1. Calculate, for THR124 and GLU64, the FRET efficiency according to 1/(1 + (r/R0)^6) with r their C-beta to C-beta distance and R0 30 Å; round to the nearest 0.05.
2. Order the peptides 107-116, 228-237 from the highest to the lowest mean number of other Cβ atoms within 10 Å of their residues.
3. Across bins of 10 angstrom width beginning at 0, how are the C-alpha pair distances of region 239-302 distributed, in whole percent?
4. Take the alpha carbon atoms of region 149-209, find their center, do the same for region 279-324, and report the distance between the two centers in whole angstrom.
5. Give, in whole angstrom and from largest to smallest, the semi-axes √(5λ) of the equivalent ellipsoid of the chain, with λ running over the eigenvalues of the Cα gyration tensor.
6. At q = 0.14, 0.25, 0.29 Å⁻¹, what log₁₀ I(q)/I(0) does a Debye calculation on the Cα points of region 97-156 give, no solvent, two decimals?
7. Pull out the extension gain between GLN99 and GLN133, defined as 0.36 nm times the separation in residues minus the alpha carbon to alpha carbon distance; nm, one decimal.
8. Could you estimate the translational diffusion coefficient of region 274-365 from the Stokes-Einstein equation, with Rh from the Kirkwood formula over C-alpha pairs, at 37 °C and 0.692 mPa s, in whole µm²/s?
Amino acid sequence: MNEAIDPTNNPNARIPRTPWRLFWDRLRRRRLALTGGIILVFLYAVTLLAGFVSPYHFEREDRERFFHPPIRPMFDGFRLVVPRFKPVEGQLAKYERVQGETRSLRFFVQGDKYKLAGLIPCQTHLLGTGDEQIPVYLLGTDQLGRDVFSRLLYGSQISLSIGLIGILLTFSMGMLVGGISGYFGGWADTIIMRLCELIMSVPGLYLILTLRSVFPAGMSSTHVYLLIIVILSFIGWASMARVIRGMTLSLRERQFVLAARVLGQTRLKIIARHILPNTFSYVIVAATLSVPYYILGEVILSYLAVGIQEPQASWGLMLKDAYVNRQNLTLYPWLLAPGAAIFITVLAFNFLGDGLRDAADTKST
């Protein structure tokens, strides 16, 4: 009698791989996608610890050093030091180095108060000099003497989180409505799809401008932030619902759905446990590719002065301040640092999204 072949004892036998294992094997062969993912993990980690990483609070103003150029620490023997600069008399926004006056660049210094991860009160900063006369302006200062690097980090908390929260709301609503529309069909499908078409026919930018004008001009930045998320999510869920509806139409007659129906499971339970999970491969890819549009949407709204307002920091608001005077872009190019951050973030999301799309394709190698 022949014994069953044990693949664990056969070095030439191929061990079966799960769909997730196959997905990961295809993804890790795409270096650009992994690079984009690593960049995004780093950016969101820094965003979470923005108060700790930034040398100063985003509202701190240095009235003696407006439009100060970036200060780069230098080596003095085996230690990093920060040189001191003073304004040049008779010249606007011109500074000269004071010879012989430096301070050591220190780590874990006490400074402005902030809340770590938005919850824990703290005063410890990653780096600084501990001397207000010799500050650390890694990316220079703006027209009010505020540290651009610190505002860039604090601004990422709004510009990066708005995409994730917006996608969470948009895709959750789109998946639920699309699943119900495709599974139930009939009059429910007709009404839901006509509603989706109505929402998709409304120009998003004009809708935002109209709704924003209804609310009081003195709204806080927090309320404006939440308003932007709600409006962008309201605009975006309809297109997702149409795609999920089409996928549901092809899934509702599959054997596993029919088996669940025979076992007496409710329709909503079938949709939530059997149909929608089979759309996750598409949803994950679509979500990754859609996040940049939310980030750019916040940038555009802040640039049009209907988004985040002073003194709060966001990448779009910082770019708006840079473009107030076009001459500033030539004289003070460090004000374009938010533009570089937006470019890197959007590129990283696109790289990751393209890699996820290729990895989810079962025909890819």
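1. Working: r = 26 Å, r/R0 = 0.85.
According to the calculation, E is roughly 0.70.
2. On the way: 107-116: 14.2, 228-237: 20.7.
My ranking of the peptides, most packed first, is 228-237, 107-116.
3. P(r) for region 239-302, in whole percents per bin: 19, 40, 23, 13, 6, 0.
4. So the two Cα centres are separated by 15 Å.
5. Working: eigenvalues 475, 173, 52 Å².
Three semi-axes, in Å: 49, 29, 16.
6. -0.46, -1.23, -1.34
7. On the way: separation 34, 0.36 × 34 = 12.24 nm, distance 1.42 nm.
The GLN99-GLN133 span can extend by a further 10.8 nm.
8. Values: Rh = 15.3 Å.
After rounding, the answer is 215 µm²/s.
All of the numbers you see were taken from the coordinates with simple rules; none came from a lab. Keep in mind that what you see is a predicted model, and the values were worked out from it rather than measured. All Cβ positions, glycine included, derive from the backbone under ideal geometry; neighbour counts span all protein chains shown.
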